[in-house]
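The values are calculated or read from the model by the stated rules, or taken from the named source; none is laboratory data. Not measured: the values here are computed from a predicted model. Heads up, the Cβs are rebuilt from the backbone with ideal geometry, glycines too, and the neighbour counts pull from every protein chain shown.
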Ligand code: PGA
């Protein structure tokens, strides 16, 4: 992928925030802070975890909420394996869990006293109508959901999600007050054919068409190379950085301010073992985590690496 930026984003950690600076050409000494972006980590559970498993995963067992709701006693082993005691009060990083629809209400209730927020994995762009099997933004809002994953590659591949549909879904989500987490990324064949840049440009440009410039920074973008999702193959930190730089430049083509503010995550086989290295890369503002987010210990470790 070519590097067309004449300026390079640089980051430093400061009070749990990443401060974005741009070096103007070679004038490295004239760095100036332009934006602060809070790191963002989302757990994409896909079609995993029943309501009971969601309760077990999230429950703050010190308060015995889980045992009360299920009228069952639980041991200290479960307590150690639940998420909220580990990251529920963590500051300096936004943590989001994305359960399947049936578990959303339970997740919202259990996360209510914590800093962890809840996202759905998809939504329809219409508020209501004859769309059997679909769920709308107002329905998600009513449940207390804060955000929604849109355009995940599994939806693009298995459920024919198109850029045209996404161009309608993104403004619909924002209008309703949901934070969209837009996924983009190239397939292995596209990377091999040197088409990565074109694919990302097309997806970012088309999917954000309906979002007004002042709202662009309310979107979170996840760069997820399809060949790295669920495969155990992770993009190298450099590959992830280059793709994310391209995405940020594309957003900058619409609004320089939004490009500084918008969070761009990496997703694709993120694990505790590679999270620190990936998150050290300039411009990577967090992670969208699939497989490793199913285990509270692994996910907490990734949250730590991002914070
Ligand atoms: P993975 O999934 O971490 O299992 O690769 C990431 C995703 O699909 O969002």
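Number of residues in region 199-249 that are touching a residue at least 60 places away in the same chain (Cβ under 8 Å) and part of a loop (DSSP other than H, G, I, E, B): the value is 3. Check whether at least one residue in region 185-198 is out of contact with any strand residue (DSSP E or B) (no Cβ under 8 Å at 6 or more places or on another chain), within 24 Å of residue 307 (Cα to Cα) and assigned to a helix (DSSP H, G or I), and report yes or no. Among the residues of region 185-198, not one is out of contact with any strand residue (DSSP E or B) (no Cβ under 8 Å at 6 or more places or on another chain), within 24 Å of residue 307 (Cα to Cα) and assigned to a helix (DSSP H, G or I), which makes the answer no. Scan region 171-185 residue by residue and report those that are more than 14 Å from the ligand (Cβ to nearest atom) and touching a helix residue (DSSP H, G or I) at 6+ places or on another chain (Cβ under 7 Å). Across region 171-185, the qualifying residues are 172, 173, 174, 176, 177, 178, 179, 180. Listed conditions (1) in a helix (DSSP H, G or I); (2) within 16 Å of the chain's Cα centre (by Cα) are all met by residue 118, apart from (1). Can we say residue 188 is within 16 Å of the ligand (Cβ to nearest atom), more than 15 Å from the chain's Cα centre (by Cα) and in contact (Cβ under 8 Å) with a residue 12 or more places away in the chain? Yes, satisfied.
Checked against the criterion of being surrounded by fewer than 24 Cβ atoms within 10 Å (Cβ to Cβ), within 20 Å of the chain's Cα centre (by Cα), outside any loop (DSSP other than H, G, I, E, B) and modelled with pLDDT under 95, the candidates 155, 86 yield just one match: 86.
Looking at 292, 259, just one residue is within 10 Å of the ligand (Cβ to nearest atom) and in a helix (DSSP H, G or I), and that residue is 292.
Number of residues in region 212-240 that are within 16 Å of the chain's Cα centre (by Cα), more than 10 Å from the ligand (Cβ to nearest atom) and crowded, with 20+ Cβ neighbours inside 10 Å equals 6. Taking region 121-131 as the range and being under 22 Å from residue 265 (Cβ atoms) and either touching a residue at least 40 places away in the same chain (Cβ under 8 Å) or part of a strand (DSSP E or B) (or both) as the test, the residues that pass are 121, 123.
Against the numbered list (1) exposed (fewer than 12 other Cβ atoms within 10 Å of the Cβ); (2) within 16 Å of the ligand (Cβ to nearest atom), residue 147 comes up short only at (1). Scanning region 81-107 for residues that are free of Cβ contacts under 8 Å to residues at least 40 places away in the same chain and under 17 Å from residue 41 (Cα atoms) gives 84, 85, 88, 89. Taking the conditions (1) within 16 Å of the ligand (Cβ to nearest atom); (2) assigned to a helix (DSSP H, G or I) in turn, residue 264 satisfies each one other than (2).
Quick check on region 89-110. Is at least one of its residues away from the ligand (no atom under 16 Å from the Cβ), loosely packed, with under 15 Cβ neighbours inside 10 Å and not in a loop (DSSP other than H, G, I, E, B)? Scanning region 89-110 turns up at least one residue that is away from the ligand (no atom under 16 Å from the Cβ), loosely packed, with under 15 Cβ neighbours inside 10 Å and not in a loop (DSSP other than H, G, I, E, B). Which of the residues belonging to region 264-292 are surrounded by 21 or more Cβ atoms within 10 Å (Cβ to Cβ) and in contact (Cβ under 8 Å) with a residue 60 or more places away in the chain? Correct list: 265, 267, 268, 279, 283, 285, 286, 287, 288, 289, 290.
Check region 123-135 and report whether any residue there is at pLDDT 95 or above and crowded, with 19+ Cβ neighbours inside 10 Å. Yes, region 123-135 contains a residue that is at pLDDT 95 or above and crowded, with 19+ Cβ neighbours inside 10 Å. Within region 295-304, the set of residues being farther than 22 Å from residue 152 by Cβ and within 14 Å of the ligand (Cβ to nearest atom) comprises 301 only.
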